[in-house]
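No lab work stands behind these numbers, since they all come straight from the coordinates. Computed from a predicted model, the values in this text were never measured in an experiment. Please note: Cβ atoms are built from the backbone with ideal geometry, for glycine as well, and neighbour counts cover all protein chains shown.
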Amino acid sequence: MTEADFASRCNSHRGYLLRVAVLQLRDNDLAEDIVQDTLVAALQGAQGFSGRSSLKTWLTGILKHKIVDAIRRKTREPAFASLDEECQIEDFDALFDDSGHWENPPADWGDPESQFSRAQFFDIMQFCLDKLPPNTARVFMMREVMELESNEICKELSITSTNLWVILYRARMALRQCLEQNWFAQPGRNA
Amino acid sequence: MQDGNVSLPLYLRIRLHLIWCEACKRFEQQMRFLHMAMRRYRQ
């Protein structure tokens, strides 16, 4: 493969890398810079791509380090929103009524593969991810997309493991509710 | 998928509860669904 072909293949993942970076950083300009740095690093280190993982996975790995560095820098800035607000657990038991029973029993979402194969599912998923509060989205993406270990996330963001679990729980509950309302509530989709 | 550590007695209580709690099973399936969706998202 020529250098130009490799550059073109890397560039075809720019949109995905940008979506991930924006979700984590909530700063379009910074995200653009980070993705640009990622693609430059990928081209400079093309020999390091063995082909054992997909190109997208390899690029995501480079992006992960760039994002962690950016978050590390941003956490030193006063403008970086405090995590405290998103670590509150007052609504932790909102799923249940006073007697401890489900407020709204969870619905059967059906077969995941059949949902994933529908054209608009991941558009709705993206919509729901975009609606998460900034720090909640950042932590959730660090865990679920960047696949950082819990202790790495706690260290980078200077939060306790309890705070981390609360944030991840809140992210999952928000995504669950958003998908219920915007995907599964639509006729014919819960199959 | 499990982000928090629980003690063995609590783990066993949760597992026992899940045997008969249908809503809990659906909730667990929903959480698994989200995890799978995110895995597919990054692929």
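Key figures
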read-out	value
Label-to-label distance, nm, for residues given as residue A:147 and residue A:123 (7 Å Cα→Cβ offset)	3.0
Mean projection area, nm², convex hull over Cα of region A:3-74	4.5
For region A:101-191, the Rg and Dmax computed from alpha carbons only, in angstrom	14.9, 44
Total charge dipole magnitude, chain A, about the Cα centre, Cβ charges on Lys, Arg, Asp, Glu only, Debye to nearest 20	760
A:139, A:35 arranged by Cβ crowding within 10 Å, fewest neighbours leading	A:35, A:139
Listed residue (A:42, A:4, A:20) projecting farthest to the positive dipole end of region A:3-74, Cβ model	A:20
Modelled FRET efficiency - R0 30 Å, residue A:185 with residue B:16, Cβ distances, 0.05 increments	0.35
Nearest-ten-degree value, helix B:22-42 long axis tilted from longest Cα axis of chain B	30
Alpha carbon centroid spacing (whole Å) that separates region A:13-71 from region A:118-191	20
Gain in span if fully extended, residue A:131 to residue A:107, counting 0.36 nm per residue against the direct Cα distance	6.4 nm
Stokes-Einstein D for the protein assembly as shown, Kirkwood Rh over Cα pairs, 20 °C, 1.002 mPa s (µm²/s)	110
Over the protein assembly as shown: helical MRE at 222 nm, DSSP H runs n ≥ 4 each giving -39500 (n - 2.57), nearest 500	-20000 deg cm²/dmol
